[in-house]
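The values are calculated or read from the model by the stated rules, or taken from the named source; none is laboratory data. Just so it is clear, the model here is predicted, and its values are computed rather than measured. Neighbour counts run over all protein chains shown; Cβ positions are idealised from the backbone, glycine included. The accessibility values were calculated without ligands, DNA or RNA, using every heavy atom of the protein model including side chains. Shrake-Rupley method; radii C 1.70, N 1.55, O 1.52, S 1.80 Å.
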Amino acid sequence: MKLGIDLGGTHIAIGLVNSRGKLLNKIEKDWTSEDKKNMNSAIKNNIITLVEKILKQSNINLDNITKIGIGYTCMLIKDNEKDEYIHYFEKKFKKEVSMRNDAKCAALCEKKYGNIKEYKNVIFLTIGTGIGGAYFYNNKLVKPTLKEGFEVGHMVICKNGKKCRCGKEGCFEEYASIRTLKDKIKKEFNIKENINSKYILRMSEDEQYKEKLGNIIDEYTDNLKIGIINLIEIFEPDVICIGGSFSYYKDLILSPLVNKINKQLDRQIKVILAENKNDAGIIGAVL
Ligand SMILES: [Zn+2]
């Protein structure tokens with residue numbers, strides 16, 4: 001039995017994963033405003049608390065855990081900071097601990113257990129709070145030497161565009177992340193509360209919102225199309241697979257996006273969703 005942990009931009013998720021890659025139990029928690037004041041200690045304290053909690057809930061002793069895998073977003077942890085965390089948690093839990101960029105975790109899960117098993121050359125995108133990526137060439141995850149690589153969310157798609165948290169302007173994720181889409185919708189309809197996929201899907205069926213929301217989604221899929229076509233032209237993948245919270249918008253966003261992409265290419269490209277949705281990050285963290 002292994003423990004997979006997904007450190008995302010808005011929340012932390014921990015899951016118990018068996019040897020066949022099945023998620024047996026899962027606990028999720030949003031980062032609080034208190035957590036955000038000191039993420040380093042929040043990450044450490046939350047992981048310790050949630051490991052204890054899930055083991056207790058599942059009636060399992062830490063001795064039965066063979067490995068702890070942690071997937072992290074670069075919003076929380078820089079690639080060169082992971083060794084400090086690995087050292088800390090190995091000392092704390094006396095277990096093998098591994099850490100990998102969250103998009104690569106999700107991609108490895110989908111490659112082993114999910115929708116991209118059969119494809120050799122794959123571009124995998126996680127679209128949620130930001131945009132992460134991974135690339136398989138001839139079935140192998142491409143891994144550069146310096147950092148984890150394939151940070152497609154920070155390729156520039158707009159000159160003098162919106163300022164990104166990475167310091168550049170006009171990054172892909174500032175135009176095509178689900179966070180950006182939600183912010184636009186909240187602004188346009190003057191919504192103060194947090195909104196999720198269910199909320200947006202309900203709005204899309206409501207006559208009073210339909211037209212305005214349709215325009216926002218049209219602009220959003222245009223931006224997404226630019227980034228994805230750039231990647232297709234460079235890497236010539238057999239398929240594009242998308243995970244993250246984007247997975248919850250199949251009919252509303254994926255279908256129009258695929259139409260737009262294929263209209264601009266001289267071949268038809270498959271764009272599919274990750275089978276394990278948001279859980280792929282937890283399962284892939286232990287691979
Ligand atoms: Zn950026």
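Here are some notes:
- Residues Ile185, Ile226, ordered by accessible area of protein heavy atoms at a 1.4 angstrom probe radius and largest first, appear as Ile226, Ile185.
- Between Ile242 and Leu125, Ile272, Leu273, Ala274, the built amide H atoms are under 5 Å apart, and every one of these is 5 or more places off in sequence or on another chain.
- Gyration tensor verdict on the range 171-287 (Cα atoms; rounded if a/c is under 1.5, prolate if a/b is larger than b/c, oblate otherwise): oblate
- Solvent-accessible area of the range 105-276 (1.4 angstrom probe, protein heavy atoms only): carbon and sulfur portion equals 47 percent.
- Per residue value of the accessible surface for the range 1-63 (all protein chains in place, 1.4 Å probe), Å²: 53 Å²
- Using a probe of 1.4 angstrom and keeping all protein chains present, the accessible surface of the range 105-276 works out to 52 square angstrom per residue.
- MRE, 222 nm, helices only [DSSP H, n ≥ 4, -39500 (n - 2.57), over the chain, to nearest 500]: -12500 deg cm²/dmol
- Here the extension length gained between Glu169 and Tyr137 equals 8.6 nm, from 0.36 nm per residue of separation less the Cα-Cα distance.
- Loop sites in the range 42-135: trypsin sites (Lys or Arg not before Pro), DSSP, at most 10 other Cβ within 10 Å: Lys78, Lys94
- Using alpha carbons only: equivalent-ellipsoid semi-axes of the chain, gyration tensor based, whole Å: 31, 22, 18
- Tensor-based shape of the range 234-287 (alpha-carbon gyration tensor, a/c under 1.5 rounded, otherwise prolate or oblate): oblate
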